[in-house]
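The values are calculated or read from the model by the stated rules, or taken from the named source; none is laboratory data. Note that this is a predicted model, so its numbers are computed, not measured. Here Cβ is always computed from backbone atoms with ideal geometry, including for glycine, and neighbour counts include all displayed protein chains. When the accessible area is computed, the model is the full protein with side chains, heavy atoms only, and any ligands, DNA or RNA have been set aside. Shrake-Rupley method; radii C 1.70, N 1.55, O 1.52, S 1.80 Å.
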Amino acid sequence: MKTGKSIDVLCVGHAAYDLTFLVDHHPGADEKCFASGFSSCGGGPAANAAVTVARLGGSSAFAGYLGNDLQGCRHLAELNSEGVNTELVVRGSHPTPLSVILVKPDGSRTVVNHKAETPFIEPGLIDFSRFRPKAILFDGHEPLISPALAEHARTREIPVILDAGSVHRGTRDLAPVVGYLVASAKFARDFTGAPDMRQSLNLLSGLCSCVVITLGEDGLMWKKGGRSGNLGAFQVEARDTTGAGDVFHGAFALGVARSMGFTSLLKYASAAAAVSCTRIGARKGIPSAEDVRRFLGP
């Protein structure tokens, strides 16, 4: 990572293809229902974060897997059209992961992800020396290549961020070696077993010097060094919350890459996520830098 191309954020992890249906209620057992709307586009935490960085005016690359099937080809074309560098995308005959998303009128959603037998990327298949990132964002979904890269980056003082959505092999291995742990309430609760979020925050801060726990409509809490605090959520009329976390993590990583002040970074990432909730579709809802500027106002 010394002589490669300079970019703001390298995003490593999961890419999928999303099929989003708007429904007026959650269907029950044996029930058939009709969707009032539909969209299809690329998705996945790390891939969405890479697009977020690009739309916010930063430079990004995505490292992950996309199949040679129709969904993989469409997703790759989307990433390229967004300006995301795709030189580190691994292609193969295994299918591209697919997500079916049901979005209810209040913006809440149900996600079913199908990865089939698609394997994790093996070490050695990606030459990370082709890039010099100012920050690296992991979502934990490529556990064979991520820990070594995170440790390598840390020894070179490259900031490393983990999008910890849930507890699994990848997030367990990465949590102790990253500089920024940005976790969902579910991860914090399941990983620590603590009875409340404040206790979870304190326990996680023993692993990482900077911890953020996102709480959805309740905002977030954070601890960095000896300081801690809360930030309330922006009030918006949510249409689809799918991908809001991905947008938050992408904006957060870009703020880290740009050495943004920490409280300003949290506010900026929260605003970007809030804007995304007002639109249908995770990828289609990712805001531009101008969208966020308008939202935040003068």
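Please work out if S270 is modelled with pLDDT of 95 or more, closer than 18 Å to D8 by Cβ and of a type in the set (S, T, Y).
no
Note on the stretch 263-282: residues that are of a type in the set (K, R) and surrounded by 23 or more Cβ atoms within 10 Å (Cβ to Cβ) total 0.
Of all the residues that make up the stretch 141-157, how many are closer than 13 Å to A63 by Cβ and either in contact (Cβ under 8 Å) with a residue 60 or more places away in the chain or in contact with a helix residue (DSSP H, G or I) (Cβ under 7 Å, 6 or more places away or on another chain) (or both)? The number of residues fulfilling the criteria is 7.
The criterion of being in a strand (DSSP E or B) and of a type in the set (D, E, K, R) holds for D163. Restricted to the stretch 246-256, and to residues there that are of a type in the set (A, V, I, L, M) and within 13 Å of the chain's Cα centre (by Cα), the residue that is surrounded by the most Cβ atoms within 10 Å (Cβ to Cβ) is A253. Among residues of the stretch 29-41 that are charged (D, E, K, R), none has a Cβ under 8 angstrom from a residue that is open to solvent by less than 50 Å² (accessible area, probe 1.4 Å) at a sequence gap of 6+ or on a separate chain.
Looking only at residues in the stretch 16-64 that are hydrophobic (A, V, I, L, M, F, W, C) and in contact with a Lys or Arg (Cβ under 7 Å, 6 or more places away or on another chain), which one is nearest to G92 (Cα to Cα)? Here the answer is C41. Name the one entry in F252, F248 that is closer than 17 Å to S166 by Cβ and in a helix (DSSP H, G or I). Exactly one of F252, F248 is closer than 17 Å to S166 by Cβ and in a helix (DSSP H, G or I), namely F248. Would you please name the residue that is most open to solvent (accessible area, probe 1.4 Å), looking only at residues in the stretch 109-133 that are without any contact (Cβ under 8 Å) to a residue 60 or more places away in the chain and among the small types (G, A, S)? Within the stretch 109-133, the match that is most open to solvent (accessible area, probe 1.4 Å) is G124. Applying a threshold of 7 Å to beta carbon distances and a minimum spacing of six or more residues, or different chains, the list of pairs starting in the stretch 262-280 at a residue that is assigned to a helix (DSSP H, G or I) and ending at one that is hydroxyl-bearing (S, T, Y) and surrounded by fewer than 22 Cβ atoms within 10 Å (Cβ to Cβ) reads C277/T241. Look through the stretch 76-114, keep the residues that are in contact with a strand residue (DSSP E or B) (Cβ under 9 Å, 6 or more places away or on another chain), closer than 30 Å to D24 by Cβ and hydroxyl-bearing (S, T, Y), and return whichever of them is modelled with the lowest pLDDT. Per the criteria, the residue is T110. Scanning the stretch 84-115 for residues that are in a loop (DSSP other than H, G, I, E, B) and within 19 Å of G281 (Cβ to Cβ) yields V84, T96, P97, K104, P105, D106, G107, S108.
Residue under question is S205, and the condition is that it be farther than 18 Å from G170 by Cα and touching a Lys or Arg at 6+ places or on another chain (Cβ under 7 Å); does it hold? So S205 passes the test. For the stretch 228-239, the criterion of being assigned to a helix (DSSP H, G or I), closer than 27 Å to T20 by Cα and at pLDDT below 95 is satisfied by no residue at all. Is it true that some residue in the stretch 173-188 is under 19 Å from the mean Cα position of the chain (by Cα), farther than 22 Å from V247 by Cα and aliphatic (A, V, I, L, M)? Yes, the stretch 173-188 has at least one match. With respect to the conditions (1) open to solvent by 40 Å² or more (accessible area, probe 1.4 Å); (2) in contact (Cβ under 8 Å) with a residue 12 or more places away in the chain; (3) at positive phi, S259 falls short on a single one, namely (2).
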